[in-house]
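The values are calculated or read from the model by the stated rules, or taken from the named source; none is laboratory data. Every value quoted in this text rests on a predicted model; they were computed, and no experiment measured them. FYI the Cβ positions are ideal-geometry reconstructions off the backbone, even for glycines, and counts take in every protein chain you see.
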Amino acid sequence: MLKENIKQLRKSKGLSQEELAIKLNVVRQTISKWEQGLSVPDSEMLVSISEALETPVSTLLGEDILESKVDDLKAISEKLEIINLQLLQRNNARRKIIHWILISLCIIIMIIFIILFLIESPYFNWDYNNPESLVLGVAFHSFEWIFVRVAPIIFILSTIGIILTTKKN
């Protein structure tokens, strides 16, 4: 069993007897003897062989290689499925957060527009001879001036974002 496993694993890795011998610091004839069943590697050499062939020692000693590969593929596919589900959940959670942030942004913009409309720019009636009123009036006017020009663009982009982040069933 060991001789067949060494030979099969070596070939599956695309290694010649000479290449495996170089990796293990032995002569090619030693590999040939192992594969023919004329000699058996010691325990330290088994560990070295398993490392060189990237396979567990248990596989070398008798676990059926073909079944092991099928089991490995099944285990890998199950792990990949779990990882894909986790990524999907994370992406859905991120999409929901962005969706609600954009909705909140649109609501805030609409509320500020309504407030600005209802108060009808009261800073026009302020006494600008008072330095405090002057600074506050200029700050309020600057905010309103920038807001009225930038908010519609942000609102449109947020609306597009809301549409794009809406889950399609």
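How many residues, within segment 12-41, are modelled with pLDDT of 90 or more, buried (at least 17 other Cβ atoms within 10 Å of the Cβ) and among the acidic types (Asp, Glu)? Of the residues in that region, 0 qualify. Given the structure, is residue 92 surrounded by 11 or more Cβ atoms within 10 Å (Cβ to Cβ), within 30 Å of residue 160 (Cβ to Cβ) and in contact (Cβ under 8 Å) with a residue 12 or more places away in the chain? Yes, satisfied.
Conditions tested, residue by residue: (1) assigned to a loop (DSSP other than H, G, I, E, B); (2) modelled with pLDDT of 85 or more; (3) under 30 Å from residue 3 (Cα atoms).
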site	(1), (2), (3)
75	no, no, yes
78	no, no, no
81	no, yes, no
89	no, yes, no
103	no, yes, no
109	no, yes, no
137	no, no, no
141	no, no, no
169	yes, no, no
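Evaluate the following for residue 9: is it surrounded by 13 or more Cβ atoms within 10 Å (Cβ to Cβ) and free of Cβ contacts under 8 Å to residues at least 60 places away in the same chain?
In short, yes.
Selection over segment 41-62 of residues that are closer than 12 Å to residue 20 by Cα and polar (S, T, N, Q) gives a count of 2.
In this structure, is residue 158 surrounded by 13 or more Cβ atoms within 10 Å (Cβ to Cβ), among the small types (Gly, Ala, Ser) and modelled with pLDDT under 80?
Spelling it out, it is not the case that residue 158 is surrounded by 13 or more Cβ atoms within 10 Å (Cβ to Cβ), among the small types (Gly, Ala, Ser) and modelled with pLDDT under 80.
For the condition buried (at least 16 other Cβ atoms within 10 Å of the Cβ), within 31 Å of the chain's Cα centre (by Cα) and either modelled with pLDDT under 90 or outside any helix (DSSP H, G or I) (or both), residue 55 qualifies. I'd like the full set of residues that are outside any loop (DSSP other than H, G, I, E, B), closer than 19 Å to residue 62 by Cα and in contact with a Ser or Thr (Cβ under 8 Å, 6 or more places away or on another chain), limited to segment 11-51. 33, 50 - these are the residues of segment 11-51 that are outside any loop (DSSP other than H, G, I, E, B), closer than 19 Å to residue 62 by Cα and in contact with a Ser or Thr (Cβ under 8 Å, 6 or more places away or on another chain).
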